[in-house]
Amino acid sequence: MSMQIYPSILSADFARLADEAKAVEGAECLHVDVMDNHFVPNLTLGVPVVESLRRATDTPLDCHLMIEDPDRWAPAFVEAGASSVTFHVEAAAAPVRLAREIRAKGARASMALKPATPVEPYEDLLPELDMLLIMTVEPGFGGQSFLDIMLPKIRRARALIERHGLQLWLQIDGGVSADTIERCAEAGADVFVAGSAVYGAADPAAAVRALREKATAAAPSR
Ligand code: DX5
Ligand code: ZN
């Protein structure tokens, strides 16, 4: 299992997005937070910005949709060039149909769980997904403190993935830093979103490498 670091451009300078994307070109993916001021109390960007980012960088884009009605909007983010599209199960009307549509359009399908949403009810859906996102803060803002109480959920999700022999990646998002990444890797996460820990660093590319090294060293051998 290789450890992947996805810098979140929520913590980047939005007036210099092309440069900010280039600053982390060693990262496996760029994490793009889409917020609609309804599903979460914040507003960020939409399809046109994703299209422009796609032209500005070779790094694949991972779009995290914190929006109402992802059933309607997610396909447009695949068409805009996202390699991976994450919808929130709390907002999706038909998560299986939506995951299949995202895959059919050529992107990886991912489903997110807010901190209070348990993973167990979705066990049967996991084969429909390429990635599961467990939020480790309440979605909406960067720079929040990591919720340690999510570690048991990460462990239970990893156990479900192994029990079913699935290949899906287990992503965590929120409060990931040099101080918290090791316990997440130990618990079974393999894809780490980091906003402030990357873009708040003097050298974002070096911060990505340092996070990946810590996660790799802490990951259990499977
Ligand atoms: C929060 C977003 C995160 C955010 C993470 O709702 O989904 O992707 O950018 O920021 P940090 O890493 O600063 O917690
Ligand atoms: Zn995110």
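Every number here is computed from the coordinates shown, using simple stated rules; none is lab data. Keep in mind that this is a model prediction, so the values were computed, not measured. Counting neighbours? That spans all protein chains shown, and the Cβs are built from the backbone with ideal geometry, glycine included.
Tabulated results
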read-out	value
Descending Cα extents along the principal axes, the stretch 36-160, whole Å	39, 32, 27
Cβ-placed point charges (K, R +1; D, E -1), dipole of the chain about Cα centre in debye, nearest 20	400
Set of aspartates and glutamates near Lys114 by C-alpha distance (under 12 Å), chain-local residues within fewer than 8 positions excluded	Glu90, Glu138, Asp173
Pairwise centroid distance, computed over Cα atoms, of the stretch 3-24 with the stretch 125-159, Å	21
Reduced Cα scattering model of the stretch 4-218, Debye log10 I(q)/I(0), q = 0.08, 0.15, 0.18 Å⁻¹	-0.24, -0.90, -1.36
Most mobile of Leu133, Leu147, Leu65 in a GNM of the chain (Cα contacts under 10 Å)	Leu147
Solution diffusion estimate, µm²/s, Stokes-Einstein, the stretch 104-167, Kirkwood Rh from C-alpha pairs, 4 °C, viscosity 1.567 mPa s	101
Whole-Hz couplings from phi, Karplus 6.51/-1.76/1.60, listed for the stretch 57-73; x for Gly and Pro	8, 8, 5, x, 9, 10, 8, 9, 8, 9, 9, 6, 6, x, 4, 7, 9
Spacing of the two label points (7 Å from each Cα toward its C-beta) at His38 and Glu51, in nm	2.1
Surrounding net charge for Ala82, when Lys and Arg each add one and Asp and Glu each subtract one, Cβ distance under 15 Å	-3
At most 10 other Cβ within 10 Å, DSSP loop - trypsin sites (Lys or Arg not before Pro), the stretch 52-156	none
Share antiparallel - DSSP beta bridges, the chain, percent rounded to 5	5
